[in-house]
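Here the structure comes first, spelled out in structure tokens, and everything after it is commentary.
The values are calculated or read from the model by the stated rules, or taken from the named source; none is laboratory data. The model shown is predicted, which means the values in this text are computed figures rather than measured ones. Positions of Cβ are backbone-derived with ideal geometry, glycine not excepted, and every protein chain shown enters the neighbour counts.
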């Protein structure tokens, strides 16, 4: 893969009952970008992500990952490039132990022995879940499952990480850890989220979906300042950009705002 580019052109998806979930969606994401896809429930976010590595076939339009058009023939190669973390970890974990789940992908890529073991260990360590290696997934808490699900994808060393609501179901500590982990992942990241503060922290670019259409695509901060757009798309500003509820002052981000150093300046 020369450049890990994700290109979506005039993508349409119509469900069997006739509902158009995506209408003429187009965008291009280049190597190393962190892009959030936001929108109200039912805007088409999850449907869109499921197209990026072929879990759902498009009704019309095309998708290219790097140099490859996405089709049946290129699917295995594309699934190695695009790592998908589902919203519900139970969709991702199906083996008797955490080790087996994380090893599943690498084994299919031909890893074995010490190489496999170090790959699994490294992926679990990256998400702070090394201690869970021998556990059965159904004994894990929601947050632990989420971390293991992410490890199963990281073990495949994808160039593009696609995540559906990565922080849903995480407690504040686990959420903070995940944000740290995502910040360290320097390849391309694309995720949907209702956690707009995380979006503000991790993504310089945001795509807003509304009724299956792209309503806006631009710098995250500009989108979050566009109150009319947010209201029309049933979205709210991130909490860190809303007024201070205690003293009624403007924004919690006092000047000068430095990237990644959001704080309460009073």
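Worth pointing out:
- Scope the stretch 90-115; condition assigned to a helix (DSSP H, G or I) and farther than 18 Å from residue 158 by Cα; matching residues: 90, 91, 98, 99, 100, 113, 114
- Residue match in the stretch 134-151 (condition: surrounded by fewer than 20 Cβ atoms within 10 Å (Cβ to Cβ), more than 26 Å from residue 5 (Cα to Cα) and in contact with a helix residue (DSSP H, G or I) (Cβ under 6 Å, 6 or more places away or on another chain)): yes
- Restricting attention to the stretch 53-68, the residues that are surrounded by 16 or more Cβ atoms within 10 Å (Cβ to Cβ) and without any contact (Cβ under 8 Å) to a residue 40 or more places away in the chain total 1.
- Residue 22 falls short on exactly one of the conditions (1) assigned to a strand (DSSP E or B); (2) surrounded by fewer than 21 Cβ atoms within 10 Å (Cβ to Cβ), and that condition is (2).
- Being part of a loop (DSSP other than H, G, I, E, B) and either surrounded by fewer than 15 Cβ atoms within 10 Å (Cβ to Cβ) or modelled with pLDDT of 95 or more (or both) is true of residue 71.
- Within the stretch 166-225, helices (runs of 4 or more DSSP H) holding 3 or more residues that are closer than 26 Å to residue 80 by Cα: 172-184
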